[in-house]
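Notes follow the structure.
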């Protein structure tokens, strides 16, 4: 659970009005033991930051730190104690209010992990994972999901539930959900992948293929396209209700809960926008088609020499291919035992 924004805003306020000399000033805030936490400001730009101190582990100097619109993660040494300190720092162009919400949320994620007795290495993964989710959220923008994105997220959560119901452990299933992280395919399971397409159309199923790489199976194989047809009804469920259902499914599994929270944030779903999603959906059918030699697609290896980039549409209702159930697809992927 996120901490209160006021905890950080008050700490930063007490450090305002710094001088011209370059450097950091910081004060302790309630720790997430065994981690140390400080609120800080940097001179001379007066940028706010949250310092997270890891007592006994280090990252290789070559590891790249997350950076997004409005924030950056830096290595700092505020106390000269040779511990690994990471500073989540607001960029000058970033919103102070949004950065305070981000800081509260990231530290809250650490608090939740501490409550499960996570070790330092796990806490580092939690910190970087949550910051990475914010990085993707900020890349997409701060507005509520578009109507198209809302339908897409409903479809992906529907497939996530299918995977878990088929017997894949919840942490592995949620970890495999890579669509919110801007991966080529929406789910990476075993040796292959699932690409999810969703529609409200009752006649025809036009699916946007965003690149020549999206249906390329030379790296991950086999590849399946999952067609999720939705209906908008008065008796269906809204996106927030569908999210609530998925949170209930993974409840009690701390790792699955954490990963789901990260993926939803990266997908652009936040609590502040739940009142915007009023449409109610029911599933009208799901079809899983294996991408084989008969599946219509454009890839780098199939287009004329010189074409390096393209997007196109496929009517999935007209595709002739091998239709499989989710259990069979998961077995072919190697995500379930035969």
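The values are calculated or read from the model by the stated rules, or taken from the named source; none is laboratory data. In this text the structure is predicted, and so the values were computed from the model without any measurement. A quick note on method: Cβ atoms are made from the backbone with ideal geometry, for glycine too, and the neighbour counts reach across all protein chains shown.
Do you know which of the residues in the stretch 297-321 that are surrounded by 15 or more Cβ atoms within 10 Å (Cβ to Cβ) and over 28 Å from the mean Cα position of the chain (by Cα) is farthest from residue 198 (Cα to Cα)?
321
Please go through the stretch 18-63 and pick out each residue that is part of a loop (DSSP other than H, G, I, E, B) and closer than 17 Å to residue 5 by Cβ.
If the condition is that a residue be part of a loop (DSSP other than H, G, I, E, B) and closer than 17 Å to residue 5 by Cβ, then 29, 30 are the ones that fit.
Out of (1) crowded, with 18+ Cβ neighbours inside 10 Å; (2) assigned by TED's automatic domain parsing to the domain that holds residue 212; (3) over 13 Å from the mean Cα position of the chain (by Cα), the odd one out for residue 110 is which?
It fails just one condition, (2).
Here's a check for you: in the stretch 31-47, which residue that is closer than 28 Å to residue 119 by Cβ and in contact with a strand residue (DSSP E or B) (Cβ under 7 Å, 6 or more places away or on another chain) is surrounded by the fewest Cβ atoms within 10 Å (Cβ to Cβ)?
So, considering only residues that are closer than 28 Å to residue 119 by Cβ and in contact with a strand residue (DSSP E or B) (Cβ under 7 Å, 6 or more places away or on another chain), the one surrounded by the fewest Cβ atoms within 10 Å (Cβ to Cβ) is 31.
Confirm whether residue 168 is under 25 Å from residue 133 (Cα atoms), modelled with pLDDT of 95 or more and not in a loop (DSSP other than H, G, I, E, B).
no
Hey, among the residues in the stretch 224-244 that are under 22 Å from the mean Cα position of the chain (by Cα) and over 26 Å from residue 316 (Cβ atoms), which one's surrounded by the most Cβ atoms within 10 Å (Cβ to Cβ)?
240
Just give me the residues in the stretch 67-87 being buried (at least 18 other Cβ atoms within 10 Å of the Cβ) and either over 20 Å from residue 24 (Cα atoms) or without any contact (Cβ under 8 Å) to a residue 12 or more places away in the chain (or both), in sequence order.
Result: 68, single match.
Are any of the residues in the stretch 90-104 assigned to a strand (DSSP E or B) and crowded, with 19+ Cβ neighbours inside 10 Å?
Scanning the stretch 90-104, I find at least one residue that is assigned to a strand (DSSP E or B) and crowded, with 19+ Cβ neighbours inside 10 Å, so the answer is yes.
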